[in-house]
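The structure is given below, and queries will be raised subsequently.
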Amino acid sequence: MMPPSPDFSLHEIEQHFTELVAGVEDHAIFLLDENGIIRSWNAGAERIKGYKPNEIIGLSFTRFYTQDAIDSGWPQEELRRAASGGRIQDEGWRVRKDGSQIWANVVITSLRNTDGKLRGFLKITRDLTERKEAEERLRQSEERLRLMVESVQDYAIFMLEPDGRVATWNLGAERIKGYTATEIIGRHFSEFYSSEDVANGKPANELEVVKRDGRIEDEGWRVRKDRTQFWANVVITALYDTKGELHGFAKITRDLTHKRHVEQLQLADRHKNEFLAMLAHELRNPLAPIRNGVELLKIASRDEPAIQQTTVMMERQIVHLMRLVDDLLDVSRIVTGKIHLVSQPIDVGAFVERAIEEIQPAIDARGHELMLTRPARPIFVDGDLVRLSQVVSNLLSNASKYTDKPSQIWLTIEPGKDEVAIRVRDNGVGMTGDELTRIFNLFEQADTSIARARGGLGIGLTLVKRIVEMHGGSVTATSEGLGIGSELTVHLPLAKNAPATQAALSTRCAANGGPRRRVLIVDDNVDAATSVEHLLRAWGHDVQSAFNGPSAIEKAKHFQPQIVLLDIGMPGMNGYDVAKAMRSVPEFEGMVIAALTGYGQTEDRLRSKEAGFNHHLVKPPDPTTLAALIASPNAETLN
């Protein structure tokens, strides 16, 4: 006789099950009857779902589902699948007692007796809301990163497979490299390298370095889809998972073609400035003995009008050549911001007088008459005496050049409440409206004919404008039209702390009126040294020369010069070294050392000051300035 098959009731199962899981808090574990009615409730269910046992037992489990899920019949579908398959697992949003939602992992298992009859269901729910929120935050972060990377247009950012094939492609990559994503994804990244680089194995070598070192950065030429090249900065980084397995590479490329062009232009500009400085030095060296020789000829030929006339002409042309060299260097320094102003309260009359003295021979040579109108009292501005005299000199030079027939040129100083106006007016060739808008541009000239009778480089007014603006002022040009003349006006702010009284500084100095000095000339250019020696002796001074640094120091010990005119650019022991050596000798204390050199840029002057020079003259020196220095060596030299 066979024993009867056990047939446990659902009630018996509930009692036994409740005892087992009642205290479990991490999982909601409860029983449903075959229709989905809740029959048991553990502590975890109360914690997760929010219902107490007496509030939920006997009710349908559908109340844990969203309305959308209920409307779609999903709760009943879960029971049907669990009944037919024995088990179903699902994840989705579920509803708590308070109406809030949780992300739940749900497992429903069918319960049957030994004869297979369905008795109900076991349902286990885990609250995965925190994990879901973390995953969502990660997903959103990854999505934001993806959108950011894909939308970046200034950088080509893309992924490579471990074998170097392109896996992703952003807008920057499309813009820089020229390929769309569909055109390039799946192709090898060697497409971006020149045929020479590919033949040399550069792409493969880069990946090997990245595998070994984790990262590589390189700059070089890369190739676009249309086979044009661009200068690229490339960073490739290896991507490994937590197990250390290579998943691919991240590659970031920047197009630095413009930056490279700028750097090349800057390098070319630096080379140009260095060349101009050297050119000026080399031009000034031969100009120095020529000008000194002309000065000697003037002294020796005072009673020979023909020779005097010739020497005056030669001097005028030498001064013109010197002005061209200086203007070329000055415009380069001003444009690059390397010019240095020595600003102090100065009388407008001082720099106007200096400019007139410089340009008067050129005005006289053209037969013009300069008409100067200035106030009786001093008018002070804060500025650089040398540079402001250069401004007025350039304006007077232009007025003289662009007035064909002998005529008058008017220079007027008009003080105002807060500024002073310096006007230079002529009745020369005049300017059109178009020329007035371009006249201050670099290399712009009114005379562009083949004959170019007036010469020049077209940089004088550019210098005027930049120097005046550096002083906080402005310059304007007006003209009634061609043949009616022009007027250029400089506006400068008045000095904030002008001295009560100050005599106008003059560069005039009588060559023969000063005391006799002992002067040592040091220059490796024998012609330059000899010509200065002859000139100073003609002025009545006691002069000796040395042609290198060591002999200069030795000769100075015996000669005991009061003034040393010292060249800087000498082979072996240069002028800076000689000056430092002389300053270290006690017996040379009080000796005045003046640079007499072809190097005249701001940094050269600063360096000579640091080396112990008292003054800095540029070759060829203006005879008046040189005479003033010899006569009063302890005064500030104007150069």
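Which pairs turn up if I take residues in the stretch 560-583 that are under 19 Å from A288 (Cα atoms) and look for partners that are in a loop (DSSP other than H, G, I, E, B) and of a type in the set (S, T, Y) with beta carbon separation below 7 Å, at least 6 apart in sequence or on another chain?
Partner pairs satisfying both residue conditions: I568/Y599; G569/Y599.
Restricting the search to the stretch 163-194, which residues are in a loop (DSSP other than H, G, I, E, B), within 15 Å of V152 (Cα to Cα) and touching a residue at least 60 places away in the same chain (Cβ under 8 Å)?
none
Given A627, A594, which one is small (G, A, S) and either more than 24 Å from R291 (Cβ to Cβ) or more than 40 Å from the chain's Cα centre (by Cα) (or both)?
A627
If you don't mind, there's one more thing I want to ask. For I157, which of the numbered conditions (1) in contact (Cβ under 8 Å) with a residue 60 or more places away in the chain; (2) part of a loop (DSSP other than H, G, I, E, B); (3) of a type in the set (V, I, T) fails to hold?
(2)
At pLDDT 90 or above and in contact with an Asp or Glu (Cβ under 7 Å, 6 or more places away or on another chain), is that true of N574?
When the stated conditions are applied, N574 does not pass them.
So which pairs qualify, if the first residue must be in the stretch 601-622 and over 18 Å from L283 (Cα atoms) and in contact (Cβ under 8 Å) with a residue 24 or more places away in the chain, the second must be of a type in the set (A, V, I, L, M, F, W, C) and assigned to a helix (DSSP H, G or I), the Cβ gap must be under 8 Å, and the two must be at least 6 apart or on different chains?
From the stretch 601-622, the pairs are S608/A579; A611/A579; G612/A579; G612/M582; F613/A579; H615/L629.
Would you kindly identify the strands (runs of 3 or more DSSP E) lying entirely within the stretch 338-414 that contain at least 1 residues that are within 22 Å of V429 (Cβ to Cβ)?
Per the criteria, 369-373.
Given the criterion surrounded by 15 or more Cβ atoms within 10 Å (Cβ to Cβ), of a type in the set (A, V, I, L, M), without any contact (Cβ under 8 Å) to a residue 40 or more places away in the chain and assigned to a helix (DSSP H, G or I), identify the matching residue among V262, V235, V210.
Result: V210 is the single residue among V262, V235, V210 that is surrounded by 15 or more Cβ atoms within 10 Å (Cβ to Cβ), of a type in the set (A, V, I, L, M), without any contact (Cβ under 8 Å) to a residue 40 or more places away in the chain and assigned to a helix (DSSP H, G or I).
Could you check the stretch 367-380 and list, in sequence order, the residues that are over 47 Å from the mean Cα position of the chain (by Cα) and charged (D, E, K, R)?
E369
Does R187 count as under 40 Å from the mean Cα position of the chain (by Cα) and assigned by TED's automatic domain parsing to the domain that holds T237?
Working: under 40 Å from the mean Cα position of the chain (by Cα): yes; assigned by TED's automatic domain parsing to the domain that holds T237: yes.
It is true that R187 is under 40 Å from the mean Cα position of the chain (by Cα) and assigned by TED's automatic domain parsing to the domain that holds T237.
The values are calculated or read from the model by the stated rules, or taken from the named source; none is laboratory data. Here the structure is a predicted model, which is why all the values come from computation and not from measurement. Ideal geometry is used to build each Cβ from the backbone, glycine not excepted, and the neighbour counts take in all protein chains shown.
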